[in-house]
Amino acid sequence: MDPSLAAIRRKRLNKLSHGTAYRQGGHRRVPKDDGIPGILPYILLGGACICALSLPVYLLLQGGMPEPTQTFFPPTHGSDLISKSVADYPIEGEHFTAGELVKEGRALGEIHEYTHTVVEFTDFFCPHCQEAHINLIEPLIRHYVPKGTVRIESHPVAFLADQSLSAAHAALCGQEQHKYWEVRELLFQVDLSNYSYALDAEDMDVFNAQLLKRIGKLASLDMYSFAKCFSSGRHRDEVRRISQLARDLNIHATPSFLINHKRFEGLEWSELTRLLEVKPRKPPGHVPRLPKMPVDHMHPKMQQRAQALQQKAALAEQSLAQKATAAEVAES
């Protein structure tokens with residue numbers, strides 16, 4: 001065979017054996033598609049979904065670590081303290097609605113005829129508020145609220161810059177899940193002894209994301225919903241509204257209390273119990289109770305008193321009816 005023809009043949013064989021396509025049985029075979037271009041969009045879409053779901057948690061978790069010596073005790077609700085929770089581990093959409101603050105979420109106890117009302121304005125960045133929580137509020141919740149003699153309302157204010165606002169906002173995010181009182185108790189366990197008030201409060205990082213994460217877990221919150229709530233800042237305006245309300249009531253220091261509609265600061269337990277021994281004034285619109293004994297069978301002086309009570313009761317009922325009618329007209 002001609003050497004030149006042999007060289008050409010070898011060249012053609014090499015091209016066929018190493019090329020991307022060759023003939024076999026009269027058909028052209030092409031290498032199989034590895035499938036990567038078809039899967040890639042799904043991979044990208046899945047990554048985007050994961051980022052969207054994890055962003056609120058990331059926003060909550062960013063920040064410094066809490067003090068290594070900081071310890072927490074789980075909320076002592078149940079047999080020790082009353083709780084407003086509707087579930088041990090609340091789930092968004094099942095036990096609570098995101099963004100909704102139940103009106104009674106920060107109140108404990110019912111109002112009866114002789115119930116004392118204690119309204120607390122507190123700041124979680126205030127050491128004196130921690131003392132009041134231990135020495136005043138917890139004993140009231142344990143010994144007075146269950147008996148129906150005291151009703152407590154707690155309102156967090158932000159008088160001490162961003163640290164107060166962050167802590168109060170976290171408490172309201174707990175209130176979303178009906179666990180304001182659990183989060184409140186844990187926030188008051190934060191050690192504030194290492195922070196000097198001579199320093200600029202804006203530079204402090206006490207209620208950072210890692211610490212709030214621990215508090216949320218100890219309170220058994222729905223952590224994903226808690227993270228979304230805190231990162232959104234949706235209740236910060238409510239904290240500012242409560243703070244302005246306190247100022248309108250001439251409250252500029254914490255802790256402050258309204259006990260039966262009278263303002264007090266820096267109460268001691270002995271003074272508080274003395275106030276609770278006195279029967280509270282009846283709320284506006286209260287209808288006096290009438291004697292059970294028929295008026296005709298009473299002593300003349302008792303008859304006069306009973307008639308006076310009847311007239312007073314009739315006037316009170318008439319006043320309430322007029323107010324109800326005016327409210328209906330206003331609504332219509």
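The values are calculated or read from the model by the stated rules, or taken from the named source; none is laboratory data. Note that this is a predicted model, so its numbers are computed, not measured. Note that we place each Cβ from the backbone using ideal geometry, even for glycine, and neighbour counts take in every protein chain shown. Please note that ligands, DNA and RNA were not included when accessible areas were found on the heavy atoms of the full protein model with its side chains. Shrake-Rupley method; radii C 1.70, N 1.55, O 1.52, S 1.80 Å.
Residues are listed down the side, and each one gets a yes or a no for (1) exposed (fewer than 14 other Cβ atoms within 10 Å of the Cβ); (2) in a helix (DSSP H, G or I); (3) acidic (Asp, Glu); (4) modelled with pLDDT under 80:
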{"position": "LEU211", "(1), (2), (3), (4)": "no, yes, no, no"}
{"position": "SER220", "(1), (2), (3), (4)": "no, no, no, no"}
{"position": "CYS229", "(1), (2), (3), (4)": "no, yes, no, no"}
{"position": "VAL239", "(1), (2), (3), (4)": "no, yes, no, no"}
{"position": "ARG281", "(1), (2), (3), (4)": "yes, no, no, yes"}
{"position": "PRO284", "(1), (2), (3), (4)": "yes, no, no, yes"}
{"position": "ARG289", "(1), (2), (3), (4)": "yes, no, no, yes"}
{"position": "MET293", "(1), (2), (3), (4)": "yes, no, no, yes"}
{"position": "GLN304", "(1), (2), (3), (4)": "yes, yes, no, yes"}
Self-check item: Selection count, the stretch 121-178, where residues are under 15 Å from LEU276 (Cα atoms) and either of a type in the set (Val, Ile, Thr) or in contact with a Cys (Cβ under 7 Å, 6 or more places away or on another chain) (or both)
Solution: 6
Quiz prompt | In the stretch 99-130, the residues that are in contact with a strand residue (DSSP E or B) (Cβ under 8 Å, 6 or more places away or on another chain), open to solvent by less than 40 Å² (accessible area, probe 1.4 Å) and either at positive phi or assigned to a loop (DSSP other than H, G, I, E, B) (or both) | solution = GLY109, THR115, ASP123, PHE124
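Out of all the residues in the stretch 64-87, which are aliphatic (A, V, I, L, M) and at pLDDT 80 or above?
Within the stretch 64-87, VAL86, ALA87 qualify.
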Quiz item: Given ALA308, ALA321, ALA316, which one is over 36 Å from the mean Cα position of the chain (by Cα), loosely packed, with under 11 Cβ neighbours inside 10 Å and modelled with pLDDT of 65 or more?
Solution: ALA321
Quiz item: From the residues in the stretch 262-274 that are at pLDDT 90 or above and closer than 18 Å to TYR144 by Cα, which one is surrounded by the most Cβ atoms within 10 Å (Cβ to Cβ)?
Solution: LEU272
Practice problem: Identify the residue in the stretch 142-183 that is touching a Phe, Trp or Tyr at 6+ places or on another chain (Cβ under 8 Å) and closer than 12 Å to LYS84 by Cβ and, among all such residues, is most open to solvent (accessible area, probe 1.4 Å). | Solution: HIS178
